[in-house]
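Every number in this text was worked out from the coordinates using simple rules, so none of it is lab data. Since the model is a prediction, treat every value here as computed from it, not as a measurement. Here the Cβ is made from the backbone with ideal geometry for all residues, glycine too, and neighbour counts use every protein chain on show.
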Amino acid sequence: MNSRPTGPVVPLVAGAAITGLIALLILLAGSLVPGLRAGSSGGTAPARGAAPVTPAPAGTATPVTAPGYSPAEPVIRDSFADPAVIKAGNTYYAYGTNAGVNMPVESAPTVTGPWERLPGDGLAHLPSWAAEGRTWAPEVVPPGPGNGGYLLYFSARVKNRDLQCIGVATSASPAGPFAALEGGPLVCPAELGGAIDASSFIERDGTRYLLYKTDARTTAAIYLVRLSPDGLYLAGPPTEIMGRGGNDPVLVESPALVHRGGKYVLLYSAGWYFETNYQTRYAVASSLAGPYVKAPDPVQSTDGYDGKVKGPGGASIVTDAAGDHLVFHGILEFHGDSQVTRGMYVASLGWDGPRPVLRGVPVRYEAENARIGTCATVVGRPRASAGKALAPLAQGGCQIELDAAAPETGRYTVQIRYANRSGRPGTQQLIVNGRAAVPVNLRTTGEDEWASAKVEVDLVSGQNVLALRQVTGAGQLDYFEVG
């Protein structure tokens, strides 16, 4: 692998005339908008690239969303796979895998839309080493220390070879057109099947890194490599930081790295992008190079969305004044074999320490991890989640508490899985943040039966305290799910 492209580094000629005109108009408009000018992002962290931007604190107001928005509905219904989003000035820009053009670009006034396709091609001319038609997974990084313009990392097919590699391009405008650097790919490990899914990470001291996935199926893994201060060249050898694990279907890809909850959190996709078992997972490390410890359960899956979103993956993160948002794709249509149409989705993203908590996907909290005092004991139950439960919760006035994170302020459903084998119905109260007690009715259950009770509550963004207080009857508690 070359640490610098070979030959002279010469940006390609700017794109088609119409694309250049659009970029010029955006630049002119930007000069009238405070904080937006050529060479200045006027905005926040890039998708995938985790620049040192602090998420909004707990209690931040619910972000503005487009009319009719839902985290389980696509915000871009056309083909827009592997999305990346940045904010520049008062406008959001989204970049997707090739669909009619090398890199489609859309813009919107809010991260949830309404999104509108910009005319032209955001990457109108590929470098001489790249073939048309397989330009994947763009990553755009706004201006910052070391780079005066916008950077684009993209995957493209090497001419006359069955090999994808990563190139880099620059632009003065977030809309493009981006001019690719000549001289060869930035990352191209041919011995590992090539590389795709570039993702930027900026350490808190300003050091730049690039993550990517090596493309051979049997050895597919996530790699990390340090970049030059301007982000245009490699500045060190690559390091493998994560491979496929036992819970990962098929392979791992599409990395997105952030620093949250005092840890490095690596989001990644697992599985085939054209199947419904494609999913987003995460791993956590105390240092940048790892080791990364994988969480047992996915952040996103078809089952997690109860089938409303199929094959969610290709996730990246964009941060604004409202906090973090997860931008990802889901399958809209199946066309046979590996052919699918994938649209773009957006969901608010919160953190339970380093654990991602996503709006639209229920998050499970095991009851045995609650603060129980003398009210209950942890007992083994083979049919319970994680094989444990709390029992008995029978003493009048007894109360247990647990902390639950919400990605944004709003109404949530709390599902409580329980068993009530006392022979008579029971009642408990769910108390949220010390107020608003909501009754929870527990019907009687059979000897090996578990039941669920659902209640609606209002939560604030960040941490919330859920307390369950005994009123009448007796019950065993398996878990709480908040979503």
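Here are the numbers for the structure shown:
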{"quantity": "Over the chain: helical MRE at 222 nm, DSSP H runs n ≥ 4 each giving -39500 (n - 2.57), nearest 500", "calculated": "-1000 deg cm²/dmol"}
{"quantity": "Rounded if a/c under 1.5, otherwise prolate or oblate - the range 322-382, Cα gyration tensor axes", "calculated": "oblate"}
{"quantity": "Gyration tensor verdict on the range 198-353 (Cα atoms; rounded if a/c is under 1.5, prolate if a/b is larger than b/c, oblate otherwise)", "calculated": "prolate"}
{"quantity": "Rounded to whole Å, sorted largest first: equivalent-ellipsoid semi-axes of the range 17-354, Cα gyration tensor", "calculated": "26, 24, 21"}
{"quantity": "Sorted peptide list for 86-99, 423-436, 333-346, criterion being average Cβ within 10 angstrom, highest first", "calculated": "86-99, 333-346, 423-436"}
{"quantity": "Radius 10 Å from Cβ of THR413, net charge of other residues (Lys, Arg +1; Asp, Glu -1)", "calculated": "0"}
{"quantity": "Dipole in debye (nearest 20) - the range 364-482, about Cα centre, beta carbon charges: Lys, Arg +1; Asp, Glu -1", "calculated": "260 debye"}
{"quantity": "Normalised contact order of the chain, rounded percent, pairs of Cα under 8 Å and 6 or more residues apart", "calculated": "14 percent"}
{"quantity": "The range 174-280: relative contact order in percent, alpha carbon pairs under 8 Å with at least 6 residues between", "calculated": "18 percent"}
{"quantity": "Karplus (6.51, -1.76, 1.60) ³J(HN,Hα), θ = phi - 60°, over the range 246-257, in Hz, Gly and Pro reported as x", "calculated": "x, 8, 8, x, 6, 7, 10, 6, 6, x, 8, 10"}
{"quantity": "Angle in degrees between helix 17-30 and the longest Cα principal axis of the chain, rounded to the nearest 10", "calculated": "60 degrees"}
{"quantity": "log₁₀ of I(q)/I(0) at q = 0.12, 0.13, 0.22 Å⁻¹ - the range 364-482, Debye sum with one point per alpha carbon", "calculated": "-0.38, -0.44, -1.29"}
{"quantity": "Residue-count net charge about VAL378 - beta-carbon cut-off 14 Å; Lys, Arg +1, Asp, Glu -1", "calculated": "0"}
{"quantity": "Cα-only radius of gyration and Dmax that characterise the range 262-388, units Å", "calculated": "17.1, 58"}
{"quantity": "Separation of the SER452 and ALA216 label points, Cα + 7 Å toward Cβ, nm", "calculated": "4.4 nm"}
{"quantity": "Gyration tensor (alpha-carbon) shape descriptor, the range 135-211, a/c threshold 1.5", "calculated": "oblate"}
{"quantity": "Local electrostatic count at ASN147 - Lys and Arg +1, Asp and Glu -1, tallied over other residues with Cβ under 10 Å", "calculated": "0"}
{"quantity": "Whichever lysines have a C-alpha closer than 19 Å to that of LYS294, once near sequence neighbours (fewer than 8 apart) are set aside", "calculated": "LYS213, LYS263"}
